[in-house]
Protein chains: 2
Amino acid sequence: MSELEIKKEVERQFEILKRGCEEIISEEEFKKKLENSIKNNKPLKIKLGIDPTGSELHIGHAVPLRKLKQFQDLGHEVNFLIGTFTARIGDPTGKSETRKMLSFETIQENIKTYLEQVKLILDLDKLKVVYNHNWLEKLTLEEMLKLLSMFTVSQMIQREDFSKRLSNNQPVSLIEFTYPILQGYDSVALEADVELGATEQKFNLLRGRDLQKNFNQEQQVCMIMPILVGLDGVEKMSKSLGNYISIKDTPTDMFGKIMSISDELMQNYYEMITNIPLEEVKDMLANHHPMECKKRLAFELVKEYYGEETAKESKLWFENVFSNKNLNVELPEVKFDENEMPALELLSRLKFISTNSEGRRLIDQGAVKVNDVQIKSINEVINLENGTIVRCGKKKIVKIVK
Amino acid sequence: MSELEIKKEVERQFEILKRGCEEIISEEEFKKKLENSIKNNKPLKIKLGIDPTGSELHIGHAVPLRKLKQFQDLGHEVNFLIGTFTARIGDPTGKSETRKMLSFETIQENIKTYLEQVKLILDLDKLKVVYNHNWLEKLTLEEMLKLLSMFTVSQMIQREDFSKRLSNNQPVSLIEFTYPILQGYDSVALEADVELGATEQKFNLLRGRDLQKNFNQEQQVCMIMPILVGLDGVEKMSKSLGNYISIKDTPTDMFGKIMSISDELMQNYYEMITNIPLEEVKDMLANHHPMECKKRLAFELVKEYYGEETAKESKLWFENVFSNKNLNVELPEVKFDENEMPALELLSRLKFISTNSEGRRLIDQGAVKVNDVQIKSINEVINLENGTIVRCGKKKIVKIVK
C-alpha cells in the first residue's frame, strides 16, 4: 500500500469507528494505532469488559457490541472480556450501593446466557472470549499491593459516584477502590490497544492507560460510548425502568416499541442502533414524514436481528393493526381469568398505563377502545369475553383470551 | 485458688500493667481476660508489632518493650511480631510522606540489629518472635479483597494523618489503606489477647478488634502507650531530633543525658522508664532536692541496662566531673587533627551548641572554659593540645586527643 492509500484507509476506518462515540482518548493516538495496524497488517486488540451479572441484553447493551462488530468487520481482534474475577467484587458504577459478590455458579450461568445473546450481534468464531480470573487469580498479594501503590486516595475519590456517595455519607467499601485498578490491570494483561466503555466507565478505562504506562506498554485508546436513552426519551435504557427493547423481543414487539418513541429521539437512535450513513439519515429526517422515518428505523432494527423478510412482515403487521385497523392478523394475547373488570383497573393490569391519572387522561381523550367502542368512564365495567380487543392510543393493542 | 485470691491476683496484675498506659480498650475486658487466664492457668497472648525499618533503639522505643517484660514476668506469652511483610508496604503513621518499600535484605539486616538490642530488655528465651510474611504471603487476592470489603473509605479517612494529608492535598497512596487492615489481620492470625501500641497506633489497633469480630474471635484488648517525650521536654523522643538516649549509649552518657532534663520532666520519666512505685516517686519528688531526684533517675536507668555496679560508678563519675570538678576520671574524648580553632567553631564541631547565637550567649555568660580558663570571645583561638579539656555549661565536657 502506498502512503496515500494507507492514509485513506486510516480515514475510512476512523470515520466508521468514531460513529456514535462520545469521546475518543485520544483521536490522534487512535489514528496512529490504525496506521500502524494497516502498515504492518497487524490487527488492533480491542477490549470490551463485561461483568456477567445480569442476563437479558437490550439494544442499549448492543451499542458497544455493534461497535465491536465494526472492528471485527475491519479485521481487528475483538477481545470479549468476561469479568469472572471482578464480578466477585462488584463495581458500584452508577449505583448507589455496594454490589453483592456473585457466586461462581451464578457467574457461569450468566456467561452462558450472555454469549447466547452476544452471538446475535458478533461473529463468535472471530471473537476471542477471555476470562480475567485467568490472570487475576494468579496475582499475589504483593503484586496487588504494588498496583495499589500506583494510585492515590484523591484520584479514586474523583470518580463521580464515589465522591457523591462519600459526600452523602453513604458507605464506599474499600474493595470498590480495587475495581478500577483490576479493570485497568486487565488491559495490561491483554496488552489492549483500544478499550470500549460507556460514559460511566471513563474513569475505569483511564486507569488502564495509567497502568499500561507504569508497565511500559503503549497506552490503550479509550473509546467512550454514550449510554442509549430509553424509549421514554428521558432515562437511560434499563430493564428495571421498563423502557427497553430486549434483543430477544419478538419482531412485532421491536417494531411497535420503536414506533412508540418520540420524533426527537429518532436521530439519536438512527446513529446509535443502525449503520445507515448519517448523511442519508439527515436527508430522510428533513424530507419525510416522521411516521415514515420511524417505520424505517423499526424496519432496520428488526432486520438486524431477524432478517429482511421478517422486518417486512413486521412492518405490514404494524400497518394492518394500527393504520388500516385490520385485525385479521396475529395480535398480542393476554389471558384473563376474570369475566369483567373496571376500565381503569384493566388498563393498569395490561400495563398500558403507569399511573391512574394517565389512565384517566387517556379515557377522557377517548383513546381507549374495547372492540372499537370508546370507553367513556374509568369505572365502566368491561366484559372480558374471549377475543375481546382492547386498544389504547395508537400503538397499544391486545386480544383477551380465556 | 479461691475466688478471692483470683480477684486479688487480677487486681495485682492489672495495677502493674496499667502503669504508664494512656488508654486501655477496655479495662473491663482486660480484667476479664486476666481473670480467665489466672483461673485456667492459660497465659494471655500479647502482641507488639514492629516494622523493622530503623536500627537504633532509644529509651522511647523501650517503653512498650518494658511493658512486654512486665507481661513476661507475670507469666504471659509475649509475641514480638516482626512486620516482615508489612514493612515492604510502609506505614505512613505520623509521617507526612508515603514510605518507601524496603528490600528483603535490608529487612533481615534490621531484624538482626533489632533483636540484638531487644534482648537488653526482654527475655529472648521466653519471647515468641513471629514474622507476618508467614501468613500474609499466603493470603490470596480474593481473601485480601474480602478483608478490604469489611472496611469503608470513610472509616479509613478518619485516621488523623490520612485526613490531614488529604485536606492538605498531599498524596495518600491506596496501599497505605491496606496497612491498618493487614496489621489487624495479624491479630486474627495470632489470635492476640492484647495488642500494645503507641497513641498514633490506636486506629490500627482498633482495626484488629474489628477483624477479630468478623472472624468470630474474642476481641483483643488495645493497650495504648503514650509516646515518650524527648530530652528537650517538648518533642517526642526521636533519633532525627537528637533528643534521645540510645539504649546502647555508654553509662556515663546515659547518666549525663538524664541529668540534663528539666525538673518538670522527671515525674513522667520516673513513670515511663523505671519500675519505682509511683507512691514512692511522689514522696521523693516532694521531699528531696531535684538534683538528687534526677541522680536517682539516672542511676535507675543505667542500672537497668548495665547493672547496679556500673550505675554507682556513673553516678560517682558525674559527681566527680560536674560537682567536685575532679577531672582524674575518664572523660569523653574527641580526636582533632587541627592544632587550633576559633572558640565558636570549636563549640559547634563538638556539637555543644546547635546555633551560633547559642554559642555567643554561652561565651558571654562565661559558661565555656578551656582547661578551667574562661573564654571571653567567640573569636578567641583555642590551642588544641593533647589533653585539653573543654567544658560548656554544667554538663558538657570533653577531652581533646590527637
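Descriptive notes on the structure:
- Residue ID - farthest from B:Asp232 (Cα to Cα), chosen from residues in region B:334-359 that are in a loop (DSSP other than H, G, I, E, B) and of a type outside the set (Ser, Thr, Tyr): B:Asn339
- Selection count, region B:186-197, where residues are away from every other protein chain (no Cβ under 14 Å) and in a helix (DSSP H, G or I): 3
- Any chance B:Glu200 is charged (D, E, K, R), in a strand (DSSP E or B) and more than 9 Å from chain A (Cβ to nearest Cβ): no
- Positions within region B:142-167 being more than 7 Å from chain A (Cβ to nearest Cβ) and of a type in the set (Ser, Thr, Tyr), in sequence order: B:Ser163, B:Ser167
- Residues that are in a helix (DSSP H, G or I), under 18 Å from the mean Cα position of the chain (by Cα) and not aliphatic (A, V, I, L, M) are absent from region A:275-287 altogether.
- Residues that are within 8 Å of chain B (Cβ to nearest Cβ) and either farther than 16 Å from A:Gln183 by Cβ or touching a residue at least 60 places away in the same chain (Cβ under 8 Å) (or both) within region A:123-141 comprise A:Thr140, A:Leu141, listed in sequence order.
- Selection of region B:107-132 for residues being among the basic types (Lys, Arg) and over 17 Å from B:Lys45 (Cβ atoms) yields B:Lys112, B:Lys119.
- Selected residue (criterion: modelled with the highest pLDDT) from residues of region B:318-333 that are surrounded by fewer than 19 Cβ atoms within 10 Å (Cβ to Cβ) and assigned to a helix (DSSP H, G or I): B:Glu319
- Members of region A:1-22 found to be exposed (fewer than 12 other Cβ atoms within 10 Å of the Cβ) and either in contact with a strand residue (DSSP E or B) (Cβ under 8 Å, 6 or more places away or on another chain) or of a type in the set (D, E, K, R) (or both), listed by number: A:Glu3, A:Glu5, A:Glu15
- B:Glu56 fulfils the conditions (1) outside any helix (DSSP H, G or I); (2) loosely packed, with under 13 Cβ neighbours inside 10 Å; (3) of a type in the set (Asp, Glu) except for a single criterion, (2).
- Total residues in region B:29-53, condition of a type in the set (Val, Ile, Thr), assigned to a strand (DSSP E or B) and farther than 14 Å from B:Val221 by Cα: 1
- Sole residue being touching a residue at least 12 places away in the same chain (Cβ under 8 Å), crowded, with 20+ Cβ neighbours inside 10 Å and in contact with a Gly (Cβ under 7 Å, 6 or more places away or on another chain), chosen from A:Gly230, A:Gly197, A:Gly184: A:Gly184
- Subset of region B:360-402 (residues that are farther than 20 Å from B:Gly256 by Cβ and in a helix (DSSP H, G or I)): B:Arg360, B:Arg361, B:Ile363, B:Asp364
- When B:Glu191 is tested against (1) in contact with a helix residue (DSSP H, G or I) (Cβ under 9 Å, 6 or more places away or on another chain); (2) on the phi < 0 side of the Ramachandran plot; (3) surrounded by fewer than 16 Cβ atoms within 10 Å (Cβ to Cβ), exactly one condition is not met: (2).
- The criterion of being assigned to a helix (DSSP H, G or I), buried (at least 23 other Cβ atoms within 10 Å of the Cβ) and either within 9 Å of chain B (Cβ to nearest Cβ) or more than 31 Å from the chain's Cα centre (by Cα) (or both) holds for A:Glu176.
- Hey, A:Met254 surrounded by fewer than 21 Cβ atoms within 10 Å (Cβ to Cβ), touching a residue at least 12 places away in the same chain (Cβ under 8 Å) and under 18 Å from the mean Cα position of the chain (by Cα) or not: no
- Annotation note: Cβ proximity below 8 Å between a residue of region B:262-280 that is not assigned by the TED database to the domain that holds B:Gln13 and surrounded by fewer than 18 Cβ atoms within 10 Å (Cβ to Cβ) and a residue that is aromatic (Phe, Trp, Tyr) and assigned to a helix (DSSP H, G or I) (sequence gap 6+ or interchain) occurs for B:Ile276/B:Tyr270; B:Leu278/B:Tyr270.
- Selected residue (only one of A:Phe30, A:Phe14, A:Phe85 is within 18 Å of A:Lys202 (Cα to Cα) and not assigned by the TED database to the domain that holds A:Thr274): A:Phe30
- Matching entry among B:Gln183, B:Gln212, B:Gln170 (being away from every other protein chain (no Cβ under 14 Å), out of contact with any Phe, Trp or Tyr (no Cβ under 8 Å at 6 or more places or on another chain) and not acidic (Asp, Glu)): B:Gln212
The values are calculated or read from the model by the stated rules, or taken from the named source; none is laboratory data. These numbers come from a predicted model, not from an experiment. We place every Cβ from the backbone using ideal geometry, glycine too, and count neighbours over all the protein chains shown.
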